[in-house]
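Worksheet: one structure, shown below.
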């Protein structure tokens, strides 16, 4: 069954660090865009996670290397590729635009128009990390973030995504609502019984 996509128009905001999305019904949503420094810190955390997974794979391949060194090197090479690209793809898909680093710094990848991320967008933005990381230390991606109004790297351009700050939601204090006698029918069992009918 084909997914239904609703067109929404991103609106240019007066602030450069805010993305405002307006729905056809006239409802506006605003998102604070993540800056290059925050994104770099999130990637540093993700890089540490990837390095840990590769180190674990390397120690496992050391045991395989006792039997056949070439086979162990092939497993290590393929495993490094799968971990470095699969890490971002899998986590951003299952955690709806977040990796470990993004979760810790409360960042989230979203579609530019506010729609749900498609797996093709996630795959494209993660595969283009190769280009963004050229020539070293994400120089191309970092320069693209600095000179772009939405702080998008090349992978974000191609996938039509942005990284936004995902503020912690405040839960309402239910004790204030439920504590009063006017909000409870416990003292009036006959009214409670009528309402249950």
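The numbers here are math on the coordinates, done by the rules we state, and not lab data. Here the structure is a predicted model, which means the values were calculated and not measured. Quick reminder, even Gly has a Cβ in these numbers, built from the backbone with ideal geometry, and neighbours come from all protein chains shown.
Length available on full extension from residue 147 to residue 78: 0.36 nm per residue minus the Cα-Cα distance, which gives 21.3 nm.
The alpha carbon convex hull volume per residue for the chain rounds to 249 Å³.
Any idea what the relative contact order of the stretch 9-165 is, in percent, if you count C-alpha pairs under 8 Å spaced at least 6 apart?
Normalised by residue count, the contact order of the stretch 9-165 is 24 percent.
Under 15 Å from a label point 7 Å along Cα→Cβ of residue 40: give me every residue in the stretch 77-121 with its amide N that close. Answer for this model: none.
Modelled spin-label separation between residue 171 and residue 186, with each label point placed 7 Å from Cα along the Cα-to-Cβ direction: 2.0 nm. Using R0 = 30 Å, the C-beta based FRET efficiency linking residue 47 and residue 68 works out to 0.50.
So what is the calculated 222 nm ellipticity per residue for the chain, using -39500 (n - 2.57) for each DSSP H run with n of 4 or more, over all residues, to the nearest 500 deg cm²/dmol?
On the way: 9 runs with 101 residues, N = 197.
Helix-only estimate at 222 nm: -15500 deg cm²/dmol.
Computed from label points 7 Å out along Cα-Cβ, the spacing between residue 90 and residue 134 is 2.9 nm. Computed from the C-beta positions of residue 118 and residue 60, the FRET efficiency with R₀ = 35 Å rounds to 0.55.
With the Cα gyration tensor of the stretch 94-177 giving a ≥ b ≥ c as the square roots of its eigenvalues, does the rule (a/c under 1.5 for rounded; else a/b larger than b/c for prolate; else oblate) give rounded, prolate or oblate? Prolate is the answer for the stretch 94-177, as a/c is 1.5 or above and a/b outweighs b/c.
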